[in-house]
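Here's the structure we're looking at; comments come further down.
The values are calculated or read from the model by the stated rules, or taken from the named source; none is laboratory data. In this text the structure is predicted, and so the values were computed from the model without any measurement. For neighbour counting, all protein chains shown are included, and Cβ atoms are generated from backbone atoms with ideal geometry for every residue, glycine included.
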Amino acid sequence: MTDATAPHIEMLLESGPVIIRLRPDLAPGHVARIRELAGSGFYDGIVFHRVIPGFMAQAGCPKGRGTGGSHLPDLRAEFSDAPHVRGVCSMARTSAPHSANSQFFICFADARFLDNQYTVWGEVVSGMEHVDALPVGEPPRNPGVIRSMREVPAPGPAA
């Protein structure tokens, strides 16, 4: 699937937009969930409740503490050998493999120890500097907020 045909999500943070190319080729069920939740406005106003430098930034809990999910049922795992590297978006879960729901994380750096254990559903194609700028902490004192998260047309070719 090329960038020109893949669906994309725009996650608007306080510092600017983050464009994520979705990977239905790797995780069709998880991509469908992200699209559904983003389309319903679920992520609007959700905070990044866990931001660990050199590792990842996590969001998607409606309680803002990492203890909850959406009203939808948990998803079956769609693990792949896609590498957890800088900019990869993957689903958070409990120790149970089939417990992903709405929480996700974005890798700041290589985290290959997560490969085949967490479901990769996308990758940041622009705006990673805005993810890098999120306030740090577990939870941060003043956490970064997702202002909105919506599906957008795939970016066109560079001029």
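Scanning the range 12-22 turns up no residue that is crowded, with 21+ Cβ neighbours inside 10 Å, more than 14 Å from Met149 (Cα to Cα), within 12 Å of the chain's Cα centre (by Cα) and hydrophobic (A, V, I, L, M, F, W, C). Scoring Pro53 on the criteria (1) free of Cβ contacts under 8 Å to residues at least 24 places away in the same chain; (2) within 22 Å of Ala111 (Cα to Cα) leaves a single failure, condition (1).
Taking residues in the range 115-130 that are within 17 Å of Ala154 (Cα to Cα), and partners anywhere that are hydroxyl-bearing (Ser, Thr, Tyr), the pairs with Cβ atoms closer than 7 Å and at least 6 places apart or on different chains are Trp121/Ser90.
Comparison of Ala59, Ala77 shows that the only residue that is farther than 16 Å from His130 by Cα and not aromatic (Phe, Trp, Tyr) is Ala77. Has the range 101-112 got at least one residue that is touching a residue at least 60 places away in the same chain (Cβ under 8 Å), within 21 Å of Asp25 (Cα to Cα) and charged (D, E, K, R)? The answer is no; no qualifying residue exists.
For (1) of a type in the set (Gly, Ala, Ser); (2) at pLDDT 95 or above, each residue gets a yes or a no:
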site: Ala6; (1), (2): yes, no
site: Met11; (1), (2): no, yes
site: Ile20; (1), (2): no, yes
site: Asp25; (1), (2): no, yes
site: Pro28; (1), (2): no, yes
site: Ala32; (1), (2): yes, yes
site: His49; (1), (2): no, yes
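Of all the criteria given as (1) assigned to a strand (DSSP E or B); (2) on the phi > 0 side of the Ramachandran plot; (3) of a type in the set (Gly, Ala, Ser), the one not satisfied by Gly54 is (1).
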